[in-house]
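**Student:** Quick one: the structure is below, questions incoming.
The values are calculated or read from the model by the stated rules, or taken from the named source; none is laboratory data. On a predicted model such as this, the values are computed, not experimentally measured, just so you know. Quick reminder, even Gly has a Cβ in these numbers, built from the backbone with ideal geometry, and neighbours come from all protein chains shown.
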Amino acid sequence: ARLAAQKVLIHDMKCIETLARVDVLCVDKTGTITENVMKVQGIRKTTEYDPDKMPPLEKLIGDFAAAMNSDNATMAAVKTAFRQTTGRQAVSVSGFSSVTKYSSVTFSDGVYVMGAPEFVLLEKFEDYAEQISEYASTGSRVLAFGTCDGPADGGPLTDSIRPLGFLLLANPIR
């Protein structure tokens, strides 16, 4: 009755007796519990984003997404969530790399990077670690989005990005 009240689904009634003795349940991400798509849950602006000097953050991310291919579930989710753009055209694009954990788009007015915070924030990561951990504790995958002063050509970043916001993504529960 307690499990039913917590909306727990079971496949075999005998497992209830076993679950009564379980403190922690670890599962792998196989698509049986979650949908096989990513969805953007939200965006959290940082104090480094200045709305008076920059276009809306959602449109900056829209420009970034418009320049990228939908070759992975993350970028497909970003493209779906951020359709409005400022209309800027990309000068160059570096797709996501599993080695460097980021992708980048260069526009005539700057370089924008999106990726795993611990890989793109570099020495600034500690400044945002608590905030990132708080977002991740809700089950969200956190990506940092920001500008970069140095080159972002697909190789390891030498300069940390100036984070403008954090994107929160998740696989919806079935």
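**Student:** Please work out if residue 174 is among the basic types (Lys, Arg), surrounded by fewer than 19 Cβ atoms within 10 Å (Cβ to Cβ) and either in contact with a His (Cβ under 8 Å, 6 or more places away or on another chain) or within 20 Å of residue 64 (Cβ to Cβ) (or both).
**Tutor:** For residue 174, the condition - among the basic types (Lys, Arg), surrounded by fewer than 19 Cβ atoms within 10 Å (Cβ to Cβ) and either in contact with a His (Cβ under 8 Å, 6 or more places away or on another chain) or within 20 Å of residue 64 (Cβ to Cβ) (or both) - is not met.
**Student:** Among the residues of segment 99-111, are any closer than 15 Å to residue 43 by Cβ, in contact (Cβ under 8 Å) with a residue 24 or more places away in the chain and surrounded by fewer than 20 Cβ atoms within 10 Å (Cβ to Cβ)?
**Tutor:** Among the residues of segment 99-111, not one is closer than 15 Å to residue 43 by Cβ, in contact (Cβ under 8 Å) with a residue 24 or more places away in the chain and surrounded by fewer than 20 Cβ atoms within 10 Å (Cβ to Cβ), which makes the answer no.
**Student:** Residue 118 - would you say it is touching a helix residue (DSSP H, G or I) at 6+ places or on another chain (Cβ under 7 Å), of a type in the set (Asp, Glu) and surrounded by fewer than 20 Cβ atoms within 10 Å (Cβ to Cβ)?
**Tutor:** Taking the combined requirement at face value, the residue satisfies it.
**Student:** Scan segment 77-95 for residues that are surrounded by 19 or more Cβ atoms within 10 Å (Cβ to Cβ) and within 15 Å of residue 167 (Cβ to Cβ) and jot them down.
**Tutor:** 77, 78, 81, 82
**Student:** Going by what's in this entry, would residue 160 be described as in a loop (DSSP other than H, G, I, E, B), without any contact (Cβ under 8 Å) to a residue 60 or more places away in the chain and surrounded by 17 or more Cβ atoms within 10 Å (Cβ to Cβ)?
**Tutor:** Criteria met by residue 160.
So that you can scan it fast, the table gives a plain yes or no per residue for (1) more than 15 Å from the chain's Cα centre (by Cα); (2) farther than 25 Å from residue 36 by Cα; (3) modelled with pLDDT under 95:
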site: 76; (1), (2), (3): no, no, yes
site: 86; (1), (2), (3): yes, yes, yes
site: 114; (1), (2), (3): no, no, no
site: 124; (1), (2), (3): yes, yes, yes
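**Student:** Against the condition at pLDDT below 90 and either in contact with a Ser or Thr (Cβ under 8 Å, 6 or more places away or on another chain) or not charged (D, E, K, R) (or both), how does residue 57 come out, does it pass?
**Tutor:** Against the criterion (at pLDDT below 90 and either in contact with a Ser or Thr (Cβ under 8 Å, 6 or more places away or on another chain) or not charged (D, E, K, R) (or both)), residue 57 does not qualify.
**Student:** For segment 35-76, which residues satisfy the criterion of being touching a strand residue (DSSP E or B) at 6+ places or on another chain (Cβ under 6 Å), farther than 10 Å from residue 164 by Cα and either among the charged types (D, E, K, R) or surrounded by fewer than 17 Cβ atoms within 10 Å (Cβ to Cβ) (or both)?
**Tutor:** 42
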